[in-house]
1. Hey, can you tell me all the residues within region 172-190 that are basic (Lys, Arg) and at negative phi?
2. Return the residues of region 250-268 that are crowded, with 24+ Cβ neighbours inside 10 Å and of a type in the set (Val, Ile, Thr); say none if nothing qualifies.
3. Which residue, of 91, 73, 104, is in contact with a Phe, Trp or Tyr (Cβ under 6 Å, 6 or more places away or on another chain), in contact (Cβ under 8 Å) with a residue 12 or more places away in the chain and part of a helix (DSSP H, G or I)?
4. Yes or no: residue 128 within 19 Å of the chain's Cα centre (by Cα) and not aromatic (Phe, Trp, Tyr)?
5. Would a scan of region 181-193 turn up a residue that is closer than 20 Å to residue 337 by Cβ, in contact with a Leu (Cβ under 8 Å, 6 or more places away or on another chain), surrounded by 15 or more Cβ atoms within 10 Å (Cβ to Cβ) and of a type in the set (Ser, Thr, Tyr)?
6. Does residue 361 satisfy the criteria of being touching a Cys at 6+ places or on another chain (Cβ under 9 Å) and at pLDDT 80 or above?
7. Scan region 203-214 and report the pairs whose first residue is aromatic (Phe, Trp, Tyr) and whose second residue is surrounded by 15 or more Cβ atoms within 10 Å (Cβ to Cβ), with Cβ atoms within less than 7 Å and a gap of 6+ or a chain change.
8. Looking for something surrounded by 20 or more Cβ atoms within 10 Å (Cβ to Cβ), in a helix (DSSP H, G or I), at pLDDT 75 or above and out of contact with any Ser or Thr (no Cβ under 8 Å at 6 or more places or on another chain) - is there at least one such residue anywhere in region 432-451?
Amino acid sequence: MSITVDARDGASPSRWTPSREDALRVQDRRKIRGLRAARRPLWLLLLLVGPGILVMLGENDGPSMLSYATTGATYGIGFFVPFICVTFLMAFVVQEMTVRLGIATHRGHAELIFGRFGPFWGYFAMLDLFIGNILTLITEFIAIRAGAAYFGIPAGFAVAVGFGIVTAALLARRYFTWERAVLVLSAANLLFVPAAIFAHPDVSRLLAALATWRPLPGGVAAGFITLLLANIGATVTPWMIFFQQSAVVDKGLTCDDVGQGRLDTGLGAIFAGIAAIATLVACAPLFAHHVNAANFSGGADFASALRPYLGSAGAALFALGIIEAGLVAAMTISTSSAYAFGEVAHCGHSLNLDFRSGRSFYLAAIISTAFAALVVLIPHAPLLAITITVNVVATLLMAPALVFLLLLASDPEIMGSLVNRWKSNLSAGFIVVAIAIMGAAYGVITVFPAIVPK
């Protein structure tokens, strides 16, 4: 525990007091110990869940949901429904390692990379993170603007309100309060489920798609590979590792909480997977009626195009879901950047800090959010193209982040009893190789587009 010294008139320290950050964390741990001693597992789980659900639903962000929407409008429910399930299984494997790493080390991911691999690789990882984060933050405000446009809300007003909500969430100066507020808001990600129901999907056909993995209509083309990468980037991205590890530390989870941490992450993957598939299903009528989504500019265009098939209520739910996706992701991604900045700059980096002690931490979150909000207001920007591209970039940036995670989680010196077993290394290694191959494939078709059929 960190301590502060009270030395009056230059005398020797007369008493030791915990910092505000540590005092709040001790208070949380006292509640957890009480529930564990009272054998109340459900209440214990409700207290411990948070980072896993937030990171998964946070990754169901604006660009992710628009990628799923574009996929449903382009290919229907066949191939990509089971593929989305696979991507969330990949996300669970990655984030479960992140939970154990945070619990074993009580250090954020950026701090560990600098300490274990040195400044060169530390700054390399930070560049990887910050490029991905700022691009993704921009797309979150694209989602907020696009969803609000369906209701006729001016872009400037929508972006300003979104920025205000993200900033207001930091005012609690308390990790637990911030986490619960974002969790409540993230529940609205499931608005895509009733939107999908309004599409009146054929349930037997949907179950058959899950069971048989139907082939692609039209075969493999350049657009298919782009959407394939976009769907992976919609599920597994570098910011998730940095955020969840720091959130686990900020929440104060210990080795006793590993099981709840895994369950938290698993529940998050299930909820996020349901919302992702629901988004694809909601947009499948566009595929069935041969509506070309290539020229859509964002969530408002999707919602408007879906109104004849989902009705006004279904289209409104879709637009609200896009707004929620952008807001929750802006909150979690900006906090991810702030955690990493604080760790690299060796300054306070906790949502339990007051503003004086955590000035740099809070400013990093606010400034990055403000920059992204301002960029979105540039006139005539190709919003949907930017959104899809960001998810592809996220996939390309993921391989280096996964290598660092795998090396750290496999190191017995820092992991102790929580070190990766061979099964974890095998599955994580497969994910790294698969993402690297897909990234290479995207590079090849970008440089040599003629080798892939249109």
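The values are calculated or read from the model by the stated rules, or taken from the named source; none is laboratory data. Here the structure is a predicted model, which means the values were calculated and not measured. A quick note on method: Cβ atoms are made from the backbone with ideal geometry, for glycine too, and the neighbour counts reach across all protein chains shown.
1. Listed by number, the residues that qualify are 174, 180.
2. Of everything in region 250-268, just one residue is crowded, with 24+ Cβ neighbours inside 10 Å and of a type in the set (Val, Ile, Thr), namely 265.
3. Answer to the check: 73.
4. yes
5. yes
6. Answer is yes for this residue.
7. 213/79; 213/82
8. Looking through region 432-451, none of the residues is surrounded by 20 or more Cβ atoms within 10 Å (Cβ to Cβ), in a helix (DSSP H, G or I), at pLDDT 75 or above and out of contact with any Ser or Thr (no Cβ under 8 Å at 6 or more places or on another chain).
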